[in-house]
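Participant: Quick one: this structure, given as C-alpha cells, is what I'll be asking you about.
The values are calculated or read from the model by the stated rules, or taken from the named source; none is laboratory data. As the structure is a computational prediction, the values presented were derived from the model and not from experiment. Note that each Cβ is placed from the backbone with ideal geometry, even for glycine, and that neighbours are counted across all protein chains shown. Ligands, DNA and RNA are stripped out before the accessible areas are found, and what is left, the full protein with its side chains, is counted by its heavy atoms. Shrake-Rupley method; radii C 1.70, N 1.55, O 1.52, S 1.80 Å.
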Amino acid sequence: MDAWNPTQGAGLLAAAVLLPFVGMLAGLALGGRWPQRMAFTVMPLGLALALGIAMHWQAADGALVYLLGGWSPPLGIALRADGAAVAMLLAVAVVVCGIGLYARADFATPRDANESRASFAYWLLLMAVWGSLNLVFVSGDLFTLYVALELLTFAGVPLVCLAGSGETLRAALRYLLFALCGSVLYLLGVVLLYGGYGTVDIPLLALAVQPEPIAWAALALMTVGLLAKTALFPLHIWLPPAHGGAPAAASAVLSALVIKGSWFLVLRLWLDVMPGVATASAAQLLAGLGAAAIVVGSVVALRQQRLKLLVAYSTVAQIGYLFLLFPMAFDASGLMAWGDLAQAAGLLQAIAHATAKAGMFMAAGLIYAALGHDRIDDLAGAARALPVAVAAFFVGGIALMGVLPSGAYLAKKLLLASADASGQWWWASVLQGGAAFTAGYVVLIAARVFRRPAAPLTDVKPVSLLSQWAALALTVASFALALTAVLGPLSDELLSKAFSLEELATMLATFAAGALLAAGLARRPLFAPAAAPRGGLGLAFEQGDRLVRRWPQAMLALLLIVGACGWLLTHG
C-alpha cells in the first residue's frame, strides 16, 4: 500500500520524537544544572528538525512515512507526517523555544546554588511535553496516539503543582483524575474499533470503517474523552485552577501546547479516520459547545480579580473557536465536502492561539513578578512600569480578536466563507460576536493598566528583559501569522479587501462592542475600580460556571454529551 512506503527524510520523524526524550533522560541522570543545559541544547536541534521535516514534506509527493523496525502495518507501527502534522510540529517547536527563553529567568539554577526541585522538574517536563506532542502529531495508529496522550497528561500534570502549595496540588489532582476519565472513554473507543475492524492503523481504518453502530459508538466515546482532555465547556472542570495557579512559564505550556494534543486528535478522528461516520448534526453539537465556551469563558473572564485567571478563562473561550470548524466541513446537503478548508482554518486558529496565549501568560507572569501581585483592579501604572510586557499582553489579545494580519483573522475568514457557502449563517454570527467578547477583556485590562496610579509605583522589582522580549516575540508571531498567506493560493481572495474601509469599520465596531460588554459585565465599572462589586448577568454566569465545575455536574455532563453525540451520529 502506498501509505506504507517509506519516504526520503522520514527518519527525521523518529528523531523529532526521540530528541526531547533523550534530552529529558540525560538531564534526569546528570542532575544539577544539566536539565536546563539539555533543554537549551535540545531546543535549537528540535527546531532544526522541524524545519527539516517541513522541507522534506514540501519536496515529497504526499505524507512522510517512517516504518519502525521496517515492519509495515498492521504488524508494525508507522510514523506519518502530513501537512497538518508538519504545521503543528513547526508551531510547537517555535513556542517551546520562546517559552524556554522566558523561563530561564524563573527556573535557572545559579552557579553557586544547589538545584531546586522546581527548576530541576520544569526543564525535564518541558522536554517531555515536547516529545509527547511530537508523537501525537506523527503517530499513525490510534493506540500509539493513546500512549502519546497519556505521556502528555503525565508530563502536564506536574507542571500545575510546581509551586508545591496545597491549592496547586488539588488543581493537579483534579486535572489528573478528569483527564483519566477522558482516557478511559478514548481507550474504550479504540477497543471497539479494533474488535470491529481488526486494526487501529489510521489509513487501514479509513478504508474499512463503515457508518454502523460500532463505529458510531467508538467515535462518540473517543470524541467526548478527548473533549474532557481539551477542557471544552462544560468539561472545563480542571482548566481554570490548573492554568491560573501554575507558574507563568508552566501555564504557557499548558494553555498553548498541552490542550492542542487532544484537540488535534479530534481533528484526526473526524477528518481522516472516520469522515464517513461523522455527521453534520453531531458536528453542530461540537460547535454548539464551542459557542457556549466562547460566551461563558469570556463573560467569566471579565469577572476575574486576577490577571492570570482572566487569561485562563480566556483560554476556555478560545478553545471554543477550535470546535467551530467541524460543521464548516459539511456542505448544505450534509456531506463532508470541505474538510480540507475546515482543517486549514482550525490549524491556523490553533497556531495563532498557541503563540498569542503563551505570550499573554508570560506577560501576566512578568507583571506579577514586578508588582508582587496580579490583581486587576490594582494594575494602575503597569503600562508605564512594564511597557514591553504590557505590549505583549495587548498584542496577543488583539491577535486573538481576529484583527488583520493575525492568524485568527485568516482562520475567521476561511470559516466565514465556509459558513456562507453552506448556509450556516448562525455560525457566522458566533464568529463575529466572539471577537467582541475578546475585545471586552482587552478593553478591561487597558482601562486598568493605563490608569494613573494614586501614588507613584516605587517598589517595582526588575524583571528579565529577555523574558519580556520573548513574550512580545510570540504574540507578534501570532499577530503576523496571516502574512504567510501570501505564499498560498488563497491570499488574493482573502486579503484583497483586508485594508478596506469595511474591514476598518468592522474592527472599530468590534472594539466598541467589546467596550460595552466590559462596561456592562465586568465585576467593577471600567473607570471606577474601587467601586463595590456588581452583580447582574455577569454574576449569574460566574455562579453558573462554579456549578458546572463541580464533580457531580461535570461527570453528568460527560455522560450526557457521550449520549447526545452517539444519538446524533446514529440519526444524523
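Participant: Could you please state how large a percent of the accessible area of region 322-381 is carbon and sulfur, counting protein chains only and using a 1.4 Å probe?
Facilitator: 56
Participant: Could you please state how large a percent of the accessible area of region 195-250 is carbon and sulfur, counting protein chains only and using a 1.4 Å probe?
Facilitator: So the carbon and sulfur contribution to the accessible surface is 68 percent.
Participant: Just the ratio, please: alpha-carbon radius of gyration of region 179-306 over 2.2 N^0.38 Å, N its number of residues.
Facilitator: 1.18
Participant: Can I ask one more? For the chain, what is the relative contact order in percent, using Cα pairs closer than 8 Å and at least 6 residues apart in sequence?
Facilitator: 14
Participant: Can I ask one more? Taking the chain, how many lysine pairs are there with alpha carbons less than 25 Å apart, if each pair must be eight or more places apart or span two chains?
Facilitator: 15
Participant: Further question on the same structure: With no solvent and one point per C-alpha, what does the Debye sum give as log10 I(q)/I(0) for the chain at q = 0.07, 0.08, 0.10, 0.11 Å⁻¹?
Facilitator: Normalising to I(0) and taking log10 leaves -0.38, -0.50, -0.80, -0.98.
Participant: Which of the listed residues, S406, A369, L193, is farthest toward the dipole's positive end in the chain, when Lys, Arg count +1 and Asp, Glu count -1 at the beta-carbon?
Facilitator: Ranked along the dipole, the leading option is A369.
Participant: What value, in deg cm²/dmol to 500, does the helix sum -39500 (n - 2.57) over DSSP H runs of n ≥ 4 give at 222 nm once divided by the residues of the chain?
Facilitator: -23500 deg cm²/dmol
Participant: Over region 1-101, average the accessible area per residue using a 1.4 Å probe and give it in Å², no decimals.
Facilitator: For region 1-101, the solvent-accessible area averages 45 Å² per residue.
Participant: Let me ask you something else. Under a Cβ-only charge scheme (Lys and Arg +1, Asp and Glu -1), can you give me the dipole magnitude of region 5-126 about the Cα centre, in debye to the nearest 20?
Facilitator: The calculation lands at about 260 debye.
Participant: So which helices of the chain fit the span-like rule, where a helix is a whole DSSP H run, its Cα atoms reach 15 Å or more along the axis, and its mean Kyte-Doolittle is at least 1.6?
Facilitator: 11-30, 83-107, 142-160, 280-302, 387-400
Participant: Taking all protein chains together and a probe of 1.4 Å, list I53, I398 from the most accessible to the least accessible.
Facilitator: Putting I53, I398 in descending order of accessible area: I398, I53.
Participant: Under the rule that an exposed site lies in a DSSP loop and has at most 11 other Cβ atoms within 10 Å, name the longest stretch of the chain with no chymotrypsin sites (Phe, Trp or Tyr not before Pro) of that kind, not counting the sites themselves.
Facilitator: No qualifying site falls inside 1-498, the longest such stretch.
Participant: Now for a different question. Using a probe radius of 1.4 Å on heavy atoms only, what accessible surface per residue do you get for region 103-188? Whole Å² is fine.
Facilitator: Computed with neighbouring chains in place, this is 38 Å² per residue.
Participant: With point charges of +1 on the Cβ of Lys and Arg and -1 on the Cβ of Asp and Glu, referenced to the Cα centre of the chain, which listed residue (Y441, M360, P525) lies farthest in the positive direction of the dipole?
Facilitator: P525
Participant: Which whole-number percent is the relative contact order of region 320-370 (Cα, under 8 Å, 6+ apart)?
Facilitator: It rounds to 28 percent for region 320-370.
Participant: Follow-up question, since we're still on this one. About the Cα centre of the chain, what is the dipole size in debye to 20, counting +1 per Lys and Arg Cβ and -1 per Asp and Glu Cβ, all else neutral?
Facilitator: So the dipole magnitude of the chain works out to roughly 1960 debye.
Participant: Roughly how many debye, to the nearest 20, is the charge dipole of region 283-401 about its Cα centre, given +1 on each Lys and Arg Cβ, -1 on each Asp and Glu Cβ, and no other charges?
Facilitator: With only Lys, Arg, Asp and Glu charged at Cβ, the dipole is about 360 debye.
Participant: Hey, if you put +1 on the Cβ of every Lys and Arg and -1 on every Asp and Glu Cβ in region 37-178, which of A85, V129, T109 ends up farthest toward the positive end of that dipole?
Facilitator: Of the listed residues, the answer is T109.
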